[in-house]
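Worksheet: the structure to be examined is printed underneath.
The values are calculated or read from the model by the stated rules, or taken from the named source; none is laboratory data. Note that the structure is predicted; figures quoted are calculated from it, not measured. Glycine gets a Cβ as well: all are built from the backbone with ideal geometry, and neighbour counts include every protein chain shown. Areas reflect the complete protein model, heavy atoms only, side chains present, ligands, DNA and RNA absent. Shrake-Rupley method; radii C 1.70, N 1.55, O 1.52, S 1.80 Å.
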Amino acid sequence: MKLNKILLIHGPNLNLLGMRETDIYGQDSQQELFQFIDSSFPKIAFIFFQSNHEGAIIDALHNHKDLVDAIIINAGALSHYSYSIRDAIKAINIPTIEVHLSNIDQRESFRRNLVFSEVCCDTIFGKGKHGYIDAVNKFKDRE
Ligand code: DQA
């Protein structure tokens with residue numbers, strides 16, 4: 001696959017990174033996290049998108065269908081129950097990796113339910129910001 005453009009989608013509450021439960025999600029703000037990812041891969045153009053609204057995330061997936069080579073998604077709590085986002089990921093058929101900052105396996109049991117994992121090529125969790133770097137490297141391995 002060619003890997004020129006990656007859409008990175010953040011779902012609800014991830015705009016509060018750096019202020020929200022920093023013991024779980026780390027000290028970096030969302031902006032700092034995006035800058036870290038962007039500067040780690042100078043040859044890749046990233047489109048960063050965050051919304052607290054399920055429909056807006058679905059629209060972003062649809063709207064970037066012909067514009068990006070791969071997608072990284074951390075949909076926050078929507079990852080545990082949004083069948084609409086799952087269907088959108090399947091419908092647009094672009095390689096997608098799901099990332100979670102925290103170790104969802106060692107938290108409340110509802111966080112173990114990941115409804116997109118079957119339509120994603122991979123799921124990475126518990127590695128903080130480095131999970132996003134791993135996701136990009138997994139796409140690069142497929143190049
Ligand atoms: C999260 C994990 C979700 O369970 C939670 O609702 C989030 C963040 C993570 O990155 O660890 O908002 O996706």
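Here Asn15 passes the criteria (1) over 27 Å from Arg142 (Cβ atoms); (2) in a helix (DSSP H, G or I); (3) of a type in the set (S, T, N, Q); (4) without any contact (Cβ under 8 Å) to a residue 24 or more places away in the chain except the one numbered (4).
Can you tell me which of Leu33, Leu8 is buried (at least 17 other Cβ atoms within 10 Å of the Cβ), within 16 Å of the ligand (Cβ to nearest atom) and in a helix (DSSP H, G or I)? If you could, list the steps in order and put the result at the bottom.
Details: Leu8 fails: in a helix (DSSP H, G or I).
Exactly one residue qualifies, and that residue is Leu33.
Screening region 14-29 for residues that are of a type outside the set (A, V, I, L, M) and open to solvent by 70 Å² or more (accessible area, probe 1.4 Å) and picking the one that is farthest from the ligand (Cβ to nearest atom) gives Gln27.
Restricting to region 49-93, name every residue that is surrounded by fewer than 17 Cβ atoms within 10 Å (Cβ to Cβ) and either in contact with an Asp or Glu (Cβ under 8 Å, 6 or more places away or on another chain) or of a type in the set (Phe, Trp, Tyr) (or both). Across region 49-93, the qualifying residues are Tyr81, Tyr83, Ser84.
With respect to being more than 21 Å from Ile57 (Cα to Cα) and within 11 Å of the ligand (Cβ to nearest atom), Ile104 fits the description.
Condition check ((1) of a type in the set (A, V, I, L, M, F, W, C); (2) over 20 Å from Lys138 (Cα atoms); (3) over 15 Å from the mean Cα position of the chain (by Cα)) across all residues:
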| residue | (1), (2), (3) |
| --- | --- |
| Asn63 | no, yes, yes |
| Tyr81 | no, yes, yes |
| Ala91 | yes, yes, yes |
| Asn103 | no, no, no |
| Arg107 | no, yes, yes |
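For the residues Gly18, Gly55, Gly11, Gly26, the requirement of being small (Gly, Ala, Ser) and under 14 Å from the mean Cα position of the chain (by Cα) singles out Gly11.
Taking each residue of region 72-99 that is under 19 Å from Met1 (Cβ atoms) and at pLDDT 95 or above and looking for partners that are within 11 Å of the ligand (Cβ to nearest atom) and of a type in the set (A, V, I, L, M) with beta-carbon atoms closer than 7 Å, six or more apart or interchain, yields Ile72/Val99; Thr96/Ile73; Ile97/Ile124; Glu98/Ile73; Glu98/Leu114; Val99/Ile124.
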